[in-house]
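The values are calculated or read from the model by the stated rules, or taken from the named source; none is laboratory data. In this text, all values refer to a predicted model and were calculated from it rather than measured experimentally. No Cβ is skipped: glycine too gets one built from the backbone with ideal geometry, and neighbour counts run over all protein chains shown. Just so you know, the surface numbers come from the protein's heavy atoms only, side chains and all, with ligands and any DNA or RNA stripped out. Shrake-Rupley method; radii C 1.70, N 1.55, O 1.52, S 1.80 Å.
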Amino acid sequence: MSQARDTQASERAAMEIRLHGRGGQGGVTCAKLLAAVYARLGKAVQTFGDYAGERSGAPIRAYTRVSDSPISNRNKLYQPDHLVVLDPTLLGPEVVSGLAEGGTLLLNTPLSPEAMAAQFGRFRLATVDATAIARKHGIGTRSVVIVNTTLAGAFARALDLPLEVLEAAYRELGFESNVPAAREAYSALRVREAPAGGGRLPRPAVLPGLPAVLPLSEHKEGPPTGLKTGSWRTQAPFYLRNPAPCSVRCPAGNDVVGFVQALARSGEAAAAEVLGRTTPLSAVCGRVCPAPCMEGCNRRELDGAVNVRGLERWIAERVPVAVRAAPAHPSPRRIAIVGGGPAGLSAAYVLATAGHRPIIFEAERELGGVLRTGIPTYRLSRAALDGEIDSILRLGVEVRSGQKVDRARIPELARAHDALLIATGLQRLRRVDGPGEALSGVEQGIHFLRRINLGEKARLSGAVVVLGGGNTAMDCARSALRAGAAKVTVVYRRTRAEMPAIAEEIDQAVEEGVELVFLRQPLGFAGAGKLEAVELAEVELGPPDASGRRRPVTTDRKTSLGCDLALLALGQSADASLLPAGWKLEAGRAHADGRPLNVFAAGDFSTGEGTVAHAIGDGRRAAQRALAALGLEAEVWAPPDAPKAVRPQDVRMGHFEGRPPAHEPTAPAAERVHNFEEVGRGLRDGAEARRCFSCGDCTSCDTCLVYCPEGIIRRKGTAYEVDLAFCKGCGICVAECPRKAMEMRAS
Ligand code: FAD
């Protein structure tokens, strides 16, 4: 015990103030205000409250330590130099316990110090009717008067603190309107000095009968205190990983918060390692993903979503993500994949990294699917695409390119391999089904894009009309401008709000000079031998349809738009005729005669979701399902349905400093329409990662430790340990956790 007493003496701050009040009076804020004043005077300070889930009116305590050097003792304060009592009805021997004789006792009471002297005359008595003053200044309500700021004014006078410093602290903390009440209390304070000759009496080293107060660092090694207050607890804090909304929304199944935090804390290599667990195509997604993760980002509520897409590109440009060493499998399986788009590539990646032998059969000369034939180079550089495909192939993936697999060959491939995946995308194109569709000058947008993307020098002139509102429409319009069209108009049957294209693509198309015409439905095409105009009907929006968007209702009003080329971007669907007769897809697996085959559909062909990230996630799933069907892998990833994802209201925004998101610089619109070079230039650095709240994922920020009123949370490496022998289960650590990485559980 003597060692503990010595430690306690050496851990004392130069000045310690204890406040007693009732919940709702603002005692904790009062302690904070005093700390703020001393901090402005250049002192080290510490302040905290001591209460649990009490209702308003219950007794609470708050503490402020002041020192010339950093304060490491986080214990409660048992022997204060000064005591502030916000509610005189609390006064009694327990409240003044530990206050050294001659110490200042500041009371909120209409009574004079002399009137209190009979009971408390051994202290330096200071009284002020803070309730009356605060009520007069309208602080709080008629029934609950908030006296904290008024009493802090009186405290300044009692301790001879400069009033202007107090006022500056009020301004800083948003209490400027309370300054007049503080000033009045400052003037109205009455003081009775301690008895002549008494002065400040030395404090006893340790109050007799009370357990020693240990600094936090001593808790483990020091002798146990007698009072194990942990037995009062009904709940205890637990550290856990709650799902982050960004990760939950990623259709590829990426651990988004994981890779962003890895970048923030450990750099690009660590972040690439996290990404590589789920995707081989980060340089691609870092450019073209619509980024549902950013839509879900809780930081949107503060100052803008974290630029996750930009960070993914930043990482992949520095460290390839698809580099996981492929372990040799004792009995590697041969699995055929028809289609080398993102779904087929993702499936091949999963299989190769599990030590199996994937073989991709691809109709085109090169792999990539829509990433190569559909998405233009000004959005996705072929160097980035080729780099990632090379990394995947180096893992041991075989490729048979230029082989269009037909319906007759599908069963052959299934027989010749342990399993077969079909990832052929959306090959069926929607048409207008109106007169004039066969005219020269009417072309499917996807064919036009393929010609341009595979290097055919398409030179355009005159006016181009693009029909549709999705990514294909935007890519056609912007490619047509680059190919020399004098004027490009996109015609869409709903309004801009309903356009399925990525919002940034629409913005960039408009910046480049593409015109948007809404609420028009194509009826057909007019021209003598060659296209001259698109015939359109005006549309009105009716009630929402199955997609949740308002249904376009065609009217009798017709218009026509003159043009030299019309590009159809009206949607695509899977070509189910690729499946042999008698085969049926049930939940993505082929069945014949009611029996499941080891044949699985993947990507757009299976889901029709229409994004690269979905194709990556579904490709992975299909590969895992195939392995599971072969008795090789138990775990099959499923897109999460996570109602437990951390919500904006779960994040303590006040813990984070505001900083707007980093945007990717882009080439100027006037320049970029003359070439097919990449428009987005990538983030300048990876500092954006530090804006991530790390929702649901502990960052070892020490907030729990700092706020624990018992001082019983300790760091253990990057984790924490709660000394449950002393945890009363107040829940303050959980309430203060900025990112919902803790919860209270019954204990
Ligand atoms: P695909 O990419 O279509 O790949 C299928 C592959 O199978 C192709 O290589 C094809 O040649 C091959 N194949 C087909 N039939 C056969 C056969 N019989 N035998 C052998 N091989 C065959 N998504 C985004 O997330 N962001 C975007 O910015 C974006 N922009 C887009 C722009 C356009 C113009 C288009 C059309 C789509 C866009 N998408 C975008 C959607 C996205 O590209 C697709 O959802 C994704 O490519 C689907 O991947 P997949 O592997 O399932 O199919």
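Any aspartates and glutamates with Cα under 16 Å of the LYS584 Cα? List them, leaving off those in the same chain fewer than 8 positions away.
ASP575, ASP593
Given the peptides 259-270, 605-616, arrange them by the average over their residues of other C-beta atoms within 10 Å, most packed first. Mind dumping the intermediate values first?
On the way: 259-270: 20.3, 605-616: 23.7.
My ranking of the peptides, most packed first, is 605-616, 259-270.
Just the Kirkwood number for the range 504-545, please: inverse of mean 1/r across all distinct Cα pairs, in Å, one decimal.
Details: mean 1/r = 0.0772 Å⁻¹.
Every distinct Cα pair counted, the radius reaches 13.0 Å.
Summarise the long-distance tail of P(r) for the range 2-192 by giving the % of C-alpha pairs beyond 24 Å.
34
Putting +1 on Lys and Arg Cβ atoms and -1 on Asp and Glu Cβ atoms, find which of GLN79, VAL553, GLY396 reaches farthest to the positive end of the dipole of the chain.
Of the listed residues, the answer is GLN79.
Measure off 7 Å from each Cα along the Cα-to-Cβ vector at THR699 and ARG430, then give the distance between these two points in nanometres to one decimal.
Between THR699 and ARG430, the simple spin-label model gives 4.3 nm.
Calculate how large, on average over all directions, the projected area of the Cα convex hull of the range 324-424 is; give the answer in nm² to one decimal.
So the Cα hull casts an average projection of 6.2 nm².
Report the gain in length on full extension from ASP303 to GLU736: 0.36 nm times residue separation, minus Cα-Cα distance, nm rounded to one decimal.
Gain in length upon complete extension: 153.8 nm.
Scan the range 354-413 for trypsin sites (Lys or Arg not before Pro) in coil per DSSP, keeping those whose Cβ has at most 11 other Cβ atoms within 10 Å, and list them by number. Write down the numbers at each step before the final one.
Values: sites: ARG365, ARG372, ARG379, ARG382, ARG394, ARG400, LYS404, ARG407, ARG409; in loops: ARG365, ARG379, ARG394, LYS404, ARG407.
Sites meeting the loop and neighbour criteria: ARG365, LYS404.
How far is it, in nm, from the label point at SER231 to the one at ASP160 when both lie 7 Å from their Cα along the line to the Cβ?
That separation, rounded to one decimal, is 4.8 nm.
What Kirkwood Rh does the range 56-139 have if only Cα atoms enter the pairwise 1/r average? Answer in Å.
After inverting the mean inverse Cα-Cα distance, the result is 14.3 Å.
Scan the chain and note any complete DSSP helix (H) whose C-alpha atoms cover at least 24 Å along its axis and whose Kyte-Doolittle average is -1.0 or more.
612-629
Give me the distance in nm between label points sitting 7 Å out from Cα along the Cα-to-Cβ direction at ASP386 and GLU538, one decimal.
With each label placed 7 Å out from Cα toward Cβ, I get 5.2 nm.
If you put +1 on each Lys and Arg Cβ and -1 on each Asp and Glu Cβ, how big is the dipole of the chain around its Cα centre, in Debye rounded to 20?
Roughly 900 debye for the chain.
Hey, quick one: spin label on ARG450, modelled 7 Å out along Cα-Cβ, who in the range 348-390 has an amide N within reach, i.e. under 19 Å?
Zone members listed by number: 361-377.
Give me the number: length gained by fully extending GLU677 to SER577, i.e. 0.36 nm times residue separation minus the C-alpha to C-alpha distance, one decimal in nm.
Stretched out fully, the GLU677 to SER577 stretch lengthens by 32.2 nm.
Name the residues whose placed amide hydrogens come within less than 5 Å of the amide hydrogen of LEU541, ignoring near sequence neighbours (fewer than 5 apart) on the same chain.
VAL553
Let me have the relative contact order for the chain, percent, based on Cα pairs under 8 Å that are six or more residues apart.
15
Output the peptides 584-593, 25-34, 533-542 sorted from most to least packed, where packing is the average of other Cβ atoms within 10 Å over each peptide's residues.
Values: 584-593: 14.5, 25-34: 25.7, 533-542: 17.8.
Going from most to least packed, we get 25-34, 533-542, 584-593.
Efficiency by 1/(1 + (r/R0)^6): what FRET value for HIS329 and THR718, r their Cβ-Cβ distance, R0 = 35 Å, to the nearest 0.05? Please list the in-between numbers first.
On the way: r = 34 Å, r/R0 = 0.98.
Computed FRET efficiency for HIS329 and THR718 comes out at 0.55.
State the antiparallel share, in %, of DSSP beta bridges confined to the chain, rounding to the nearest 5. Before the final figure, lay out the partial values.
On the way: 53 of 99 bridges.
Bridges in the chain are about 55 percent antiparallel.
Sort 499-508, 653-662 by packing, meaning the average of other beta carbons within 10 Å per residue, with the highest value first.
499-508, 653-662
What residues qualify as long-range amide H neighbours of VAL488, i.e. H under 5 Å apart, gap of 5 or more or another chain, H built at 1.01 Å from N?
Result for VAL488 returns VAL464, GLU515.
Pull up the DSSP beta bridges for the range 2-192 and report the antiparallel fraction as a percent, rounded to 5.
Counting only bridges with both partners in the range 2-192, antiparallel ones make up about 60 percent.
If I compute solvent accessible area with a 1.4 Å probe over the protein chains, what percent of it on the chain is carbon and sulfur?
C and S fraction of accessible area: 50 percent.
Could you derive backbone 3J(HN,Hα) for the range 729-735 from the dihedral phi with the Karplus parameters 6.51, -1.76 and 1.60 (θ = phi - 60°), listing whole Hz in sequence and x where the residue is Gly or Pro?
Going residue by residue, I get x, 5, x, 5, 4, 5, 5 Hz, with x marking Gly and Pro.
Mind listing the Cα extents of the chain along all three principal axes, in Å, largest one first?
Taking the Cα atoms of the chain, the three principal extents are 114, 66, 44 Å.
Quick query: amide H of GLY368 versus all other amide H atoms, modeled in the peptide plane; which residues come in under 5 Å with a sequence gap of 5 or more or a different chain?
The answer is GLY340, GLY341.
Ignoring ligands, DNA and RNA, what accessible area per residue does the chain give at 1.4 Å, in Å²? Show your work: numbers first, answer last.
Details: 32870 Å² over 747 residues.
Accessible area per residue: 44 Å².
Multiply the residue gap between ALA458 and GLU586 by 0.36 nm, knock off their C-alpha separation, and tell me the result in nm, one decimal place.
Answer, rounded to one decimal: 41.9 nm.
Where in the range 653-732 are there trypsin sites (Lys or Arg not before Pro) that are in a DSSP coil and have at most 15 other Cβ atoms within 10 angstrom of their Cβ?
Answer in residue order: ARG681, ARG684.
From the backbone phi of the range 77-91, what are the Karplus-calculated ³J(HN,Hα) couplings (6.51 cos²θ - 1.76 cosθ + 1.60, θ = phi - 60°) in whole Hz, Gly and Pro given as x?
3J(HN,Hα) across the range 77-91, in whole Hz: 10, 9, 10, x, 7, 9, 10, 10, 10, 7, 10, x, 5, 7, 4.
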